[in-house]
Structures are given as structure tokens and as C-alpha cells.
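*Asks:* After the C-alpha cells below, expect a handful of questions from me.
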Amino acid sequence: MIKLLAWRFWGGHVAVVLAVIAAGGLGLWQLHAWREHRAEAARDLTDARPVALASVMGGDSAFPGKSIGQPVRLSGSWLSSGTVYVKGREHGGRSGYWVVSPLLVDGTRSAMPVVRGWSTRPQAPSVSGAAAVTGWLQPGDGDGLVDEDRHDDVVPELAIPDLVNRVDTDLYSGYVIARDEPAAARTTLAAVGPQSTPGVSWSTGLRNLFYAVEWWVFGGFAVAVWVRWLRDELNPPVPEELREEAVAER
């Protein structure tokens with residue numbers, strides 16, 4: 001033990017201690033980043049302040065997964081055709097229909113499907129003209145349910161690709177659940193709340209977790225190398241020639 005305190009070893013001791021502290025600190029930093037990424041992915045935006053739709057996504061952009069449930073503001077004109085009724089939607093313990101109408105967004109060539117409300121039957125007052133909508137941004141359904149009758153306005157799910165064939169313009173890659181239905185239909189449609197909040201994938205932030213483990217392994221490796229070097233210095237191996245001479249003398 002006293003030999004380990006020899007001055008010639010102190011430089012190495014200090015270097016290894018600093019390396020272990022640095023590796024441990026960097027590992028903790030990456031672990032914190034991993035937790036932050038997962039917390040960011042799981043945050044519930046449904047009560048956040050509404051933002052302009054254009055600041056979140058465009059008509060031709062992919063759906064922004066981090067913005068699920070984000071309240072957005074948009075304005076435009078209701079299309080005269082394209083309203084559908086999504087069946088099998090629960091409200092107050094009863095099964096009914098979502099009423100979904102496309103809104104051609106101002107300044108774009110794309111329409112946003114807007115869930116206007118819930119109805120017990122596949123019918124609702126029509127809407128037309130200019131409108132301003134505030135609601136929750138949601139991703140389209142993707143369960144692959146088959147529409148058994150493509151000639152009516154009832155659909156099994158709110159899948160954006162299936163709605164494209166029902167309108168004469170492009171559609172956004174998601175939809176908006178309106179907070180308020182136009183005045184003409186407030187007495188016939190029930191309000192619908194946000195349906196989806198972000199889920200956290202097992203791979204979210206995984207690279208940061210790997211980096212954390214990598215730094216800790218590096219710290220352990222530095223200690224192992226230093227211990228091995230000290231052992232060889234304090235107990236140097238006997239050369240083969242000296243071993244043979246010692247055996248011969250015996």
C-alpha cells in the first residue's frame with residue numbers, strides 16, 4: 001500500500017481520478033438528456049395556449065408527432081362537399097358519429113378535416129362560408145378498418161388517405177377537433193374533446209442512454225488499465241532467462 005503512494009505514481013493517480021470524475025459526470029449528463037427527451041415526448045399539450053396552425057405544420061408536411069393535442073388556430077372556408085360521419089365513436093356511454101367537415105385553410109391549397117362534434121345519427125346541419133376554428137391537432141387514424149360502403153358518407157375511421165378521394169383538394173396529414181361548433185349546430189352536436197396525447201416510444205432518447213453507458217464503461221476501463229499497470233510496476237514479471245538460471249542453481 002505504501003508503494004502506491006510513491007511520488008512517481010501520483011501523476012497517474014490524479015489523471016485516473018479526473019478521468020473517472022469526467023466520465024461519471026458526462027454519463028449523468030447524457031442520462032439527464034435521455035430523461036428530458038422522454039419527458040418532452042410525453043408532455044400533454046391539450047391545455048396549452050393555441051398557436052397558429054402554420055407555425056406547427058403546412059399542408060404538405062408530415063404530421064408533427066411532438067404536437068399531438070396542441071391547440072391550433074386556423075381560418076378558411078368550408079368546402080361544400082366532403083363531410084363524413086365517423087361511426088363507432090363513444091360519447092357519454094353511447095355510440096354515435098363524429099361529424100367531420102373539410103376547411104380549406106387560408107393561404108394554402110390544402111383542407112383541414114375538422115371534427116365539428118358528435119351526433120347520435122349520421123346527419124348534421126351543413127356549414128358554408130368563411131370560418132375561424134380553434135381546436136386540438138390530432139393524427140389520422142391508421143387501424144386499417146375497411147369501409148364496406150364507399151358510396152355513403154359513413155366511414156369506419158378518420159383515415160386521411162381515405163378522405164382524399166372525397167374532396168377536390170389536398171388534405172393536411174392530420175385533423176383538428178374543434179372546441180366550438182358553429183352556432184347553427186350547437187344545439188344538435190355534442191362537443192368532442194381531444195382524443196390523443198403523445199405516447200413515448202421505447203427508442204425515444206435511446207442514443208443518449210447509450211452514450212451514458214458508454215461514458216461509464218470508459219471510466220471503468222480507465223480504472224482497470226491503471227490497476228493493471230500498477231500491478232505490473234509493483235510486481236514486475238520475472239524474465240524467462242532469470243527463471244531458468246534460478247532453476248539451474250537449485
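Read the figures in this text as sums done on the coordinates, not as results from a lab. Keep in mind it's a predicted model, so treat the numbers as computed, not measured. Note that each Cβ is placed from the backbone with ideal geometry, even for glycine, and that neighbours are counted across all protein chains shown.
*Asks:* How many Å³ per residue does the convex hull of the Cα positions in region 26-169 occupy?
*Replies:* Residue-normalised Cα hull volume stands at 150 Å³.
*Asks:* Of the peptides 71-82, 219-230, how do they stack up when ordered by the mean number of other Cβ atoms within 10 Å, highest first?
*Replies:* 71-82, 219-230
*Asks:* Mind ranking 166-179, 143-156, 11-24, 124-137 by how tightly packed they are, going by the mean number of other C-beta atoms within 10 angstrom, highest first?
*Replies:* 166-179, 124-137, 11-24, 143-156
*Asks:* If each residue's Cβ is checked for other Cβ atoms within 10 Å, how do MET57, MET112 rank with the fewest at the top?
*Replies:* The fewest-first ordering by Cβ neighbours comes to MET57, MET112.
*Asks:* Above 17 Å lies some portion of the pair distances; for region 63-119, what is it as a whole percent of all C-alpha pairs?
*Replies:* Summing the P(r) of region 63-119 above 17 Å gives 51 percent of all pairs.
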